[in-house]
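Trainee: The structure under discussion is supplied below as structure tokens; questions concerning it will follow.
The values are calculated or read from the model by the stated rules, or taken from the named source; none is laboratory data. Bear in mind the structure is a predicted one, so any value in this text is a computation, not a measurement. Note that each Cβ is placed from the backbone with ideal geometry, even for glycine, and that neighbours are counted across all protein chains shown. Side chains included, ligands, DNA and RNA excluded: accessible areas come from the protein's heavy atoms. Shrake-Rupley method; radii C 1.70, N 1.55, O 1.52, S 1.80 Å.
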Amino acid sequence: MSDVTNQPLWDVFISHASEDKETVARLIAEALARRGVKVWFDAEQLTLGDSLRRSIDEGLAKSRYGLVILSGHFFAKEWPKKELDALVSRDDGKSKVILPVWHEVTASDVAAFSPMLADKLAVSTSEGLDSVVGEILRAVYPRRPFEPELILIPAGEFLMGSDPKQGRDALGSEQPQHTVYLPGYYISRTPVTNAQYAAFVEATGHEQPKGWTIDQKPPVGKEDHPVVKVFWHEAVAYCRWLAKVTDRPYRLPNEAEWEKAARGTDGRKFPWGNRWSKKLCNTDEGGPDDTTPVGQYSPQGDSPYGCADMAGNVWEWTRSLWGKDWQKPSFKYPYDSEDGREDPEAGNNISRVLRGGSWFGLQDFARCAFRSW
């Protein structure tokens, strides 16, 4: 018989300075609550007559996770350090995940304020509110078997496109090379597999890709290969279904998001660096003349963030528009997400951007900056 008095009452305890309550803490608390997460948030949990210290102590003891909103206001207080230490020092078999929100706070600030927090910080941070909520949801509600494994791409600038001074393979559609800022976001670590897409086909009755068996099963032995022969609208339908059944905002990446995930921030040609190697990806030069299981070339062939198969294996859809003329893109560089290239209502007479190359393509198509349609 279990001791119910020791069971968690809340999923997430939110620790914050009073100055950050309305600007950040309440937004996060409400976003989590809408998704069914039980949140200990002082503005909601405290009532007249409550002992503040007693109520906070109960919230700390009976919450599964701690979300600490770090800011200059937070560090200026005396009591937050006690909450931090209480959260990170728990040794009761419960999770001790701490998920901070950064407001121009450095790692050295954290170490000086709370060495215990710096030593035991378990989850990477992001500037984006959606990313923070996503981290908590993934901690509280583990990834389902058919969901892609996601990689956090942190907020910041990166070099997009190609510089002709760095190589003769730089095409006009990739120029000029320029700096793009993106907020934090998540992207699938690998291309969507046959097994993951099969869950969508089975659940919705959607038409199966050509080459599958008559009972809506992918080719035997290729369950962990990337799904192929999927049209753009089918890829969009898959993302919408995944978002609906998981209550998470899945969608196709735009081409800037795809490129940053593939190459990092330094403008490298390939996910692993600037020197070509046929041993690090599945292209015509060294591949088996067919698709390969996702992640087969990991970790050596991965991007700086740990994304696999960003060079070769299969072409990957983005949500970005190319244009009506296949010979040259209507939407050129510098990349501007507000110029119409991310119009989700564009018709079928305009092509979408493909990225990444494929098993039957040459190395030039597998460059991180190469744009196809």
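Trainee: Show the residue pairs meeting these rules: Cβ distance below 7 Å; 6+ apart or different chains; first residue within region 220-240 and without any contact (Cβ under 8 Å) to a residue 24 or more places away in the chain and part of a helix (DSSP H, G or I); second residue hydroxyl-bearing (Ser, Thr, Tyr) and open to solvent by 30 Å² or more (accessible area, probe 1.4 Å).
Mentor: CYS239/TYR250
Trainee: If I filter region 213-243 down to residues being acidic (Asp, Glu) and over 20 Å from GLY356 (Cα atoms), which single residue comes out as surrounded by the most Cβ atoms within 10 Å (Cβ to Cβ)?
Mentor: Per the criteria, the residue is GLU223.
Trainee: While we're looking at this one, here's another question. For ALA199, which of the numbered conditions (1) part of a loop (DSSP other than H, G, I, E, B); (2) at pLDDT 95 or above; (3) surrounded by 16 or more Cβ atoms within 10 Å (Cβ to Cβ); (4) over 15 Å from the mean Cα position of the chain (by Cα) fails to hold?
Mentor: (1)
Trainee: Give the number of residues within region 287-320 that are of a type in the set (Ser, Thr, Tyr), in a loop (DSSP other than H, G, I, E, B) and surrounded by 21 or more Cβ atoms within 10 Å (Cβ to Cβ).
Mentor: So the count comes out to 3.
Trainee: Can you find, within region 329-373, the residue that is least open to solvent (accessible area, probe 1.4 Å) among those that are closer than 15 Å to GLY172 by Cα and without any contact (Cβ under 8 Å) to a residue 40 or more places away in the chain?
Mentor: Top of the filtered list is PHE331.
Trainee: Suppose we filter GLY161, GLY156, GLY184 for residues that are at positive phi and modelled with pLDDT under 95; which single one remains?
Mentor: The match here is GLY156.
Trainee: Checking the structure you have, find out if any residue of region 266-286 is buried (at least 17 other Cβ atoms within 10 Å of the Cβ) and either within 14 Å of the chain's Cα centre (by Cα) or at pLDDT below 95 (or both).
Mentor: no
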